[in-house]
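Visitor: Attaching a single structure in structure tokens format; questions to follow.
The values are calculated or read from the model by the stated rules, or taken from the named source; none is laboratory data. Because the structure is a prediction, the values reported are computed rather than measured. Cβ atoms come from the backbone with ideal geometry, glycine included; neighbour counts cover every protein chain shown. Ligands, DNA and RNA are stripped out before the accessible areas are found, and what is left, the full protein with its side chains, is counted by its heavy atoms. Shrake-Rupley method; radii C 1.70, N 1.55, O 1.52, S 1.80 Å.
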Amino acid sequence: MSDASEDRPALFEADRAGYSAGGVQILSDVSLRIRAGALIAVIGPNGSGKTTLLRLVMGLIQPTQGRLTWTGIMPKRAIVFQKPTLLRRTVAGNLRFALSVAGVPPDQREAQSRDLLELVGLWTLRDRPARRLSGGEQQRLAVARALARRPKLLLLDEPTASLDPAATRTLEDLVRRISRPDTTVILTTHDLGQARRLAEEIVLLHRGRVIETGSAAEFFEVPKTVEARRFAAGDLLL
Amino acid sequence: MLRTAVDLIATADAALIRTIELSLAVSVGATLLSALVSVPVGALVALTSFRGRSAVVITLNSLMGLPPVVVGLTVYLLLSRSGPLGTIGLLFTPSAMVIAQAILVSPIIAAMTRQTIEDLWTEYRDEFAAADVRPVARVIALVWDGRFSLVTALLAGFGRAVAEVGAVIIVGGNIAGFTRTMTTTIALETSQGDLERAIALGIILVAVVMLVNALVWTARRVGQRYAA
């Protein structure tokens, strides 16, 4: 790879990592080098192991084969699940809880809560019951809640899977804004357009294996593998 | 007859009021006393796994139908002069009635708490794991988010307590002006033929039960706003 991201230090490396549960091999031989500050899209069809990969990176599960090695100290991580569960409280109440869990002192929670809600465009809805929000608004609140942890690595699992184009666009803009300063973002998607619009780097997963990795430009212009060529061309990868 | 009953209510007959007050005080006290133990026990069972957990859950659920007279008898045996707790001298006092009703409603409150907390926990566990929520903070958050269902559990417990007669009549002794509740008065007055007083108390009791159900309904509706 020859783009600018080359000189960024690695945030973590996966070395032949695998994960199996209940006799089913979900991920096999995953070797990856994720650079700090990058915006990475993990793409692949349903069941290819995208969510499991994110859970591994988040530390919610441990690899059953191989390992994940963090360069330097492990960064603060946060994840937004595909279907985030919001608390049965108001929008602001959800954020206050997240901030308190993140260890933010009580006298700073109001201000930070306001900053985060303004960032995701939900400040005016702060007194609404969170679970009454629209799908897109719920996703944005979940992102704000994840940001309350001040993560250096943000994991987004299919953040726009059930959103309409307008809500998708708002969320994509938000992801760009978050990733810019110094946050590494890994998102999964099966939406090729989204990967093209957002990602600097691509990881293509298929049946639990990494088929291809590389810069987004390279991936879409000169895909190296048959699967990547087919996927990039918009073929259905089954 | 119905007129006399309504008159008793309308004129706020002193003995009638005292009976209603005692009834409500005993049942509210029993519900709160029970909640102190039952809510934590229910939450604990919901959030822990141990050998025989299923047996505990099944027992808890079946004890919801505990016969009041059996609870009354048990508490009577415990508190009677020759019983293990006889020296405290609580038998035939309102305190004994509070204890008996608290035992009676505890399985209801504990079982409903367990169900509520367990359902919420299933839903929240991934998020809590991802956010590193500490165990104590988890319990507080689950209880708070289940607040509307837990209020419903308390109201269900109170509803059962205030309407039962078997336990309080055994341990309270139905002493006039001292341990006489709405239900025991109805039982006594009916058997003595003073039907007006019995009917008046019956009307009040039904009103209380309806009020409790209205509150349950309201709690559920408000809860649904947040649960969506």
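Visitor: State, as an integer percentage, the relative contact order of chain A based on alpha-carbon contacts under 8 Å between residues 6 or more apart.
Guide: Values: 439 pairs, mean separation 64.8, N = 238.
Once divided by the residue count of chain A, the mean separation gives 27 percent.
Visitor: Accessible area per residue, 1.4 Å probe, Å², for the stretch A:186-238: what's the number?
Guide: Solvent-accessible surface per residue comes out at 48 Å².
Visitor: Then there's this: Kindly tabulate the residues in the stretch A:131-172 with an accessible-area decrease of at least 10 Å² between the chain alone and the assembly of all protein chains, using a probe of 1.4 Å.
Guide: A:Arg131, A:Arg132, A:Arg145, A:Arg149
Visitor: Continuing with this model, one more query. With n ≥ 4 as the cut-off for DSSP H runs, can you work out [θ] at 222 nm for chain B, using -39500 (n - 2.57) per run divided by the number of residues, rounded to the nearest 500?
Guide: -27000 deg cm²/dmol
Visitor: Which whole number in µm²/s is D for the stretch A:1-107 by Stokes-Einstein, with the Kirkwood Rh taken over Cα pairs at 25 °C and 0.890 mPa s?
Guide: Reported coefficient: 151 µm²/s.
Visitor: Okay, next question. Rounded to a whole number, what % of the accessible area of the protein assembly as shown do carbon and sulfur atoms account for, probe 1.4 Å? Don't jump to the answer; show the numbers that get you there.
Guide: Details: 13060 of 22170 Å².
Answer for the protein assembly as shown is 59 percent, counting heavy atoms of protein chains only.
Visitor: What is the Å³ per residue value for the convex hull set by the Cα atoms of the stretch B:119-178?
Guide: Looking at the stretch B:119-178, the number lands at 124 Å³ per residue.
Visitor: Same structure, new question: Calculate the length of the line joining the C-alpha centroid of the stretch A:24-54 to that of the stretch B:1-65, in whole Å.
Guide: Rounded to whole Å, the Cα centres lie 54 Å apart.
Visitor: Continuing with the same structure: Calculate the dipole size of the stretch B:1-142 relative to its Cα centre from +1 charges on Lys and Arg beta carbons and -1 charges on Asp and Glu beta carbons; express the result in debye to the nearest 20.
Guide: 440
Visitor: Something else: Once you charge only the Cβ atoms, +1 for Lys and Arg and -1 for Asp and Glu, what is the size of the charge dipole of chain A about its Cα centre, to the nearest 20 debye?
Guide: Using Cβ point charges on Lys, Arg, Asp and Glu, chain A gives about 920 debye.
Visitor: In Å², what does the accessible area per residue of the stretch A:68-123 work out to with a 1.4 Å probe?
Guide: Computed with neighbouring chains in place, this is 47 Å² per residue.
Visitor: With every protein chain left in place, what is the accessible area per residue of chain B in square angstrom, probe 1.4 Å?
Guide: Ligands and nucleic acids excluded, the result is 50 Å² per residue.
Visitor: Could you name every residue in the stretch B:180-228 that has 20 Å² or more less accessible surface in the full protein assembly than in its own chain alone (probe 1.4 Å, ligands and nucleic acids excluded)?
Guide: B:Arg225, B:Tyr226, B:Ala227, B:Ala228
Visitor: Among all stretches of chain B without exposed trypsin sites (Lys or Arg not before Pro) (DSSP loop, at most 10 other Cβ atoms within 10 Å), which one is longest?
Guide: B:82-228
Visitor: Could you compute the FRET efficiency for B:Gln192 and B:Thr4, with r as their C-beta to C-beta distance and R0 at 22 Å, rounded to 0.05?
Guide: Rounded to the nearest 0.05, the efficiency is 0.90.
Visitor: Using only Cα atoms, locate the centre of the stretch A:153-197 and the centre of the stretch A:83-107, then give the distance between them in Å, rounded to an integer.
Guide: 22
Visitor: Oh, and also: Between chains A and B, what is the buried accessible area in Å², counting both sides, with a 1.4 Å probe and ligands, DNA and RNA left out, to the nearest 100?
Guide: Using a 1.4 Å probe, the pair buries roughly 1800 Å².
Visitor: What are the extents of the Cα atoms of the protein assembly as shown along their three principal axes, listed from largest to smallest and rounded to whole Å?
Guide: 99, 47, 43
Visitor: Among the residues of the stretch A:92-106, which ones have their accessible area go down by 20 Å² or more when all the protein chains sit together, as opposed to their chain alone (1.4 Å probe)?
Guide: A:Phe97, A:Val101
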